[in-house]
Amino acid sequence: MSLVDAIGVISGALTIVGFGIDNFGESSTSVSIIKVAVALDGTGGTTDAGGDLPDVRIWNDLGSFVGMKADPGHVNNGNLSEISIDHGNQGVYTLFSTNNDAICVAWVTTTWSDDRGGNQYAVSGDYGKECGANWFVSNMYYNSEQDHQPNCFWINADVRDEEDPNTIKYYVKNKRDAPVRARQQKRRPAWADSDLVISDSKHHSAKSLGESGTSLGPDFAHAGESLFCDMDSKTLYAFCSENGFKACFDFGSQTVTNSETDYMSTDDAGAAGRYTRVLD
């Protein structure tokens, strides 16, 4: 399978990642093709990743507005959807403005038509974690080699309380941006309160989710790490074993036991029957 190399972020470090050519559109004359990949709901992943595609606005290198596409439609979880934008000349600055139903973006690609240069660009969902956006695991692969699953970042303009960005901006030429400011941790929305995700994937990490102030999603247990992350309080618990812990996660009952602990936890972290849905 042909690959297109792009700069991505893996484990906090810039690296080259190979995007499958199918992630890019086949652009006709005088248009740009945007492809948006959204996280896959289910085992080890999100529970509400699909939603409304963002509006797209494009400017040229001199800052002149050259084209837009509003309300381009819906994208289902685990899928890529395509947005085609007609514009009068080469567009190098793109603004995505979200609509009412939030999505968790695994990656975005742009393809210029041949008469606009024919270039291809990609933005990885891993940038969300490194740049302070709310994020979760995506369960999506860039290519058929299945060597990496990026994280996804949440964008929305709906009534959820947390301050996800309602726009994405990127510039396809070299640009020096101001330093990223740290964001305060926000309370997760109600839709994530009653789900538990169980995973043993090498691409996932309860520890990484728990140590991030901006990860957002259901509670997460990783069998390989033997760790449970209470995503509301960002508290990590080891699985219960014969070694004994002051507080630990009982895999069988799916509860935190022995709450007499030095760790901070949410009020219902150990409550029986807390989860109405378990994804494993």
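Any read-out appearing in this document is the output of simple, stated calculations on the displayed coordinates, not a laboratory observation. Since we're looking at a predicted model, the values are computed, not measured. Because the Cβ atoms are built from the backbone with ideal geometry, glycine has one as well, and the counts that use them run over all protein chains shown.
Annotations for the structure displayed:
- Packing-based exposure ordering (other Cβ within 10 Å, fewest first) of Thr94, Thr257: Thr257, Thr94
- For the listed residue pairs Lys69/Lys202; Lys202/Lys234; Lys207/Lys246; Lys35/Lys234; Lys35/Lys207, the alpha carbons are over 27 angstrom apart in Lys69/Lys202; Lys35/Lys234; Lys35/Lys207.
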